[in-house]
Number of protein chains: 2
Amino acid sequence: MPLVVQKFGGSSVADATSLKRVAKRIVETQEAGNDVVVVVSAMGDTTDELLDLAASVTDSPSERELDILLTAGERISMSLLAMAISELGVEARSYTGQQAGVLTDAAHGKASIVGVVPERIARTIEEGGVAIVAGFQGVSETMDVTTLGRGGSDTTAVALAAALGADVCEIYTDVDGLFTADPRIVPTARQITDITSEETLEMAAHGAKILHLRAVEYARRYGVPIHVRSSFSNKIGTWIRTDDSSEESSMEEPIIAGVAHDRSQGKITVMGVPDVPGAAARLFAVVAEAGANVDMIVQNVSSAATGLTDISFTLPEADGPSTLAALRAAAGDLGYSDLRYDDQIGKLSLVGAGMRSHPGVSARLFGALSDAGINIEMISTSEIRISVVTRAESLDGAVRAVHTAFDLDSSESEAVVYGGTGR
Amino acid sequence: MPLVVQKFGGSSVADATSLKRVAKRIVETQEAGNDVVVVVSAMGDTTDELLDLAASVTDSPSERELDILLTAGERISMSLLAMAISELGVEARSYTGQQAGVLTDAAHGKASIVGVVPERIARTIEEGGVAIVAGFQGVSETMDVTTLGRGGSDTTAVALAAALGADVCEIYTDVDGLFTADPRIVPTARQITDITSEETLEMAAHGAKILHLRAVEYARRYGVPIHVRSSFSNKIGTWIRTDDSSEESSMEEPIIAGVAHDRSQGKITVMGVPDVPGAAARLFAVVAEAGANVDMIVQNVSSAATGLTDISFTLPEADGPSTLAALRAAAGDLGYSDLRYDDQIGKLSLVGAGMRSHPGVSARLFGALSDAGINIEMISTSEIRISVVTRAESLDGAVRAVHTAFDLDSSESEAVVYGGTGR
């Protein structure tokens, strides 16, 4: 019998009505001839309410205690969901991360799964029941409760699917799947029916608020097919394939998967750096020490007259102030002449596994931006991605121009709201 | 170092302010030179809110799932309390029933503790920390979460105190301790400073809303001294001694511990029962089959003329309808002539270990009621208790009259509200 792992986020189980709707869908999936394992997040705003409670008691909660507190959220949603399913006449049992055998390291608040031993889950489905598993949580070697951090429930679902050898991991969300661009910016964006995990990773890493990176990485590593779909309809959503070899052979494959954008980066330019061996290394050692997560780096050709160069790099805006402070503190050592910070930038990323075998993609991209009168400030590329930095106010126009240039526009506007998948 | 187990009920940790007050008290106890283990219930109305959530999804929740749901309550209170203590600079770690080694049978919703293996708790206090343990919950042999039912947190505290060899188990409540009668009825009721576990059991079993029976029984069996006291003051409360031998030797011991009352009973009278061997046995077999918890039984002297007798017994009002139905269904077999039900009764119980060595207590009791013009409908006694049934509307007056007759009145009224200790 096929085995389906279904993951429902907090907005899908926000209240009794939605819990019952989700229960009905689960029962229908089982009645269609599948074994079903469900991963569920905390209801609606529960996590935020628990964080507020913690804040009312202390400014600096212990991470161990915070994990115990937050995992109360899934206990509530998972037991209520099991009750709602039983109410429909199907046996359902809920399990904590620990009971489901989700073993993690001890990094409270951002634990990594080190193994999954889902014995009780396997037994429950063998006996014909539905197993409900708390997302987002696991247990460490010391038998302490841990949480997996942002995107944790998606990762729980994929990890369970891998351990159980599931046929598919269905991630339910409030939109129909992944889109070629954010429909709020590009009304003609199309739903993607089929995408590789590699492309999904590049999209997610460069601003597309779709699945969490960790879950996709896990799926890729263990070969778990993911189906991202709407919890409000039975339409087919987006399949994320992990068998990347097939894409090479298919002539029908579109070249481009989609256009991602990211408005959350800032740019630091270090001016007048001596263009001598080791200067860049010293500079980025200081940046790394400050904990900044550097994305793109551009170094200008140095001036022959002065022997000085400028180095620009992008980083999350949140890392801006601390990185600037670290660079200022090291000014004497680094010997630069000036430091500039710009948070008014936008980044556009064109992603497509087909780029490998299709030359001319970058020329078409730059041509489209040029035709739209948009200036490119930085460029970086990977095998299946080209990213450019523009002025923040030009970003939306850039995304639309590129989307059109690569024939991604659908004939009609999709009336959807683009959103994340919850925690 | 002395080891103190402290139990705080839901009303003591209803919000951030009370959590912080409780945290301060715990830290003060540790600073006074004690090791401290804390047992905590769910905050305020959390349990009722969770029950409401379950009711919004199903009318007949699975008991296993209900236990998972309800135990979310202590996860929240225990982690917040640990945070509040850490905020005061003292290391605190919270543990679920399972982590604390509270092993139970599998009777979800009303599980019994079968063993306590508090290794992690012992290690935490050895390391100088405060251990916070979730009350009311444990883990079954199948590693499923269980709850202990009403009074569960008190039982958790006493069981942990026994397993850890604690010097005292402090039960915090919103009153100063146990009283010689309910101060709402007897304004001159006195706080009891010292009482035996045997007397406490009799008081609790006969209507005094003090500690739960199970907790006192557990304390008695394992010799755990209990100190019931207010979470709002540092006053000495009521000590419940388990060393019953000492009371015999003390000449200073008061004869009477207190006057309990119970308004929650009903009375069934079965009239015209054939007075032949086995008739009562058959009658009470039917009653037991109906699940009724019979308290007092009185059989009249049978009429020589008819060879018939009347049998009256009391039982919790909640058991009344089902028991009457069972008796009606068995009417042919039992051969009685009529069935009467009376829920307008009250029960007064005078409790005191000193009764054993002091004759004349019952005469004084009956005299006091007679002087007050109160009619006695039924009488039952144990070694250390005399209970009488009166009309419900006479009960308050009866309690006051008896309280006065046994010199229990204090010189001044205690300005307190008498209440329970939460779950």
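Answer yes if at least one residue in the stretch B:42-50 is under 18 Å from residue A:72 (Cα atoms), away from chain A (no Cβ under 13 Å), among the acidic types (Asp, Glu) and not in a helix (DSSP H, G or I), and no otherwise. Break it down into steps so the answer makes sense when it comes.
Step one: list which residues in the stretch B:42-50 are under 18 Å from residue A:72 (Cα atoms), which gives B:42-50.
Next cut, away from chain A (no Cβ under 13 Å) only: B:45, B:48.
Imposing the further condition that a residue be among the acidic types (Asp, Glu) reduces the set to B:45, B:48.
Still in the running and not in a helix (DSSP H, G or I): B:45.
Yes.
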Of the residues that make up the stretch B:246-259, is at least one part of a helix (DSSP H, G or I), at pLDDT 95 or above and either within 19 Å of residue B:4 (Cβ to Cβ) or open to solvent by less than 50 Å² (accessible area, probe 1.4 Å) (or both)?
no
Just to verify a result, which residue in the stretch B:76-90, among those that are within 7 Å of chain A (Cβ to nearest Cβ) and polar (S, T, N, Q), is most open to solvent (accessible area, probe 1.4 Å)?
B:86
In the stretch B:58-75, residue farthest from residue A:73 (Cα to Cα) [restricted to those that are open to solvent by 10 Å² or more (accessible area, probe 1.4 Å) and assigned to a helix (DSSP H, G or I)]:
B:63
Residue count, the stretch B:285-318 (criterion: under 17 Å from residue B:331 (Cβ atoms) and either of a type in the set (D, E, K, R) or over 26 Å from the mean Cα position of the chain (by Cα) (or both)):
7
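Being closer than 12 Å to residue A:336 by Cα and open to solvent by 30 Å² or more (accessible area, probe 1.4 Å) is the filter here, so list the residues in the stretch A:277-300 that pass it.
Taking the stretch A:277-300 first, the residues closer than 12 Å to residue A:336 by Cα are A:279-280, A:282-283.
A:280, A:282 - these are the residues of the stretch A:277-300 that are closer than 12 Å to residue A:336 by Cα and open to solvent by 30 Å² or more (accessible area, probe 1.4 Å).
Which one is surrounded by the most Cβ atoms within 10 Å (Cβ to Cβ), of the residues in the stretch B:91-122 that are among the aliphatic types (A, V, I, L, M) and within 12 Å of chain A (Cβ to nearest Cβ)? First the steps, then the outcome.
Taking the stretch B:91-122 as the starting set, the residues that turn out to be among the aliphatic types (A, V, I, L, M) are B:92, B:100, B:102-103, B:106-107, B:111, B:113-114, B:116-117, B:121-122.
Restricting the remaining residues to those that are within 12 Å of chain A (Cβ to nearest Cβ) gives B:92, B:100.
Numbers: B:92: 27, B:100: 30.
Out of the qualifying residues, it is B:100.
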Residue selected from the stretch B:127-169 under the condition within 14 Å of chain A (Cβ to nearest Cβ) and within 24 Å of residue B:28 (Cα to Cα), by the criterion surrounded by the fewest Cβ atoms within 10 Å (Cβ to Cβ)
B:127
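Against the definition (without any contact (Cβ under 8 Å) to a residue 40 or more places away in the chain, touching an Asp or Glu at 6+ places or on another chain (Cβ under 9 Å), over 15 Å from residue B:270 (Cα atoms) and not hydroxyl-bearing (Ser, Thr, Tyr)), how does residue B:300 come out, yes or no?
Values: without any contact (Cβ under 8 Å) to a residue 40 or more places away in the chain: yes; touching an Asp or Glu at 6+ places or on another chain (Cβ under 9 Å): yes; over 15 Å from residue B:270 (Cα atoms): no; not hydroxyl-bearing (Ser, Thr, Tyr): yes.
So residue B:300 fails the test.
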Do we find that residue B:53 is free of Cβ contacts under 8 Å to residues at least 40 places away in the same chain, open to solvent by 20 Å² or more (accessible area, probe 1.4 Å), at the interface with chain A (Cβ under 9 Å from one of its Cβ atoms) and not β-branched (Val, Ile, Thr) in this structure?
yes
Can you name the number of the only condition in (1) within 14 Å of another protein chain (Cβ to nearest Cβ); (2) open to solvent by less than 10 Å² (accessible area, probe 1.4 Å); (3) among the polar types (S, T, N, Q) that residue A:196 fails?
(1)
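For the stretch A:301-374, which fully contained strands (runs of 3 or more DSSP E) count at least 3 residues that are surrounded by 15 or more Cβ atoms within 10 Å (Cβ to Cβ) and among the β-branched types (Val, Ile, Thr)? If you could, list the steps in order and put the result at the bottom.
Numbers: elements: A:308-316, A:338-342, A:345-351.
Of the strands (runs of 3 or more DSSP E) lying wholly inside the stretch A:301-374, those with at least 3 residues that are surrounded by 15 or more Cβ atoms within 10 Å (Cβ to Cβ) and among the β-branched types (Val, Ile, Thr) span A:308-316.
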For the stretch A:11-26, give me each residue that is closer than 16 Å to residue A:170 by Cα and open to solvent by less than 10 Å² (accessible area, probe 1.4 Å).
A:12, A:13, A:22, A:23, A:26
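Look through the stretch B:1-27, keep the residues that are part of a helix (DSSP H, G or I) and hydrophobic (A, V, I, L, M, F, W, C), and return whichever of them is nearest to the other protein chains (Cβ to nearest Cβ). Reasoning before the result, please.
From the stretch B:1-27, those part of a helix (DSSP H, G or I) are B:10-13, B:16-27; that's our starting set.
Checking which are hydrophobic (A, V, I, L, M, F, W, C) leaves us with B:13, B:16, B:19, B:22-23, B:26-27.
Details: B:13: 11, B:16: 4, B:19: 6, B:22: 11, B:23: 8, B:26: 13, B:27: 14 Å.
Checked the stretch B:1-27; the qualifying residue nearest to the other protein chains (Cβ to nearest Cβ) is B:16.
What about residue A:48, is it within 30 Å of residue B:90 (Cα to Cα), over 28 Å from the mean Cα position of the chain (by Cα) and either hydroxyl-bearing (Ser, Thr, Tyr) or open to solvent by 10 Å² or more (accessible area, probe 1.4 Å) (or both)? Outline the logic, then answer.
Details: within 30 Å of residue B:90 (Cα to Cα): yes; over 28 Å from the mean Cα position of the chain (by Cα): no; either hydroxyl-bearing (Ser, Thr, Tyr) or open to solvent by 10 Å² or more (accessible area, probe 1.4 Å) (or both): yes.
In short, no.
The values are calculated or read from the model by the stated rules, or taken from the named source; none is laboratory data. Remember, predicted model here, so these are calculated numbers, not experimental data. Backbone-built Cβ (ideal geometry, glycine too); neighbour counts: all protein chains shown. Heads up: the accessible areas ignore ligands, DNA and RNA and are worked out on the full protein's heavy atoms, side chains in. Shrake-Rupley method; radii C 1.70, N 1.55, O 1.52, S 1.80 Å.
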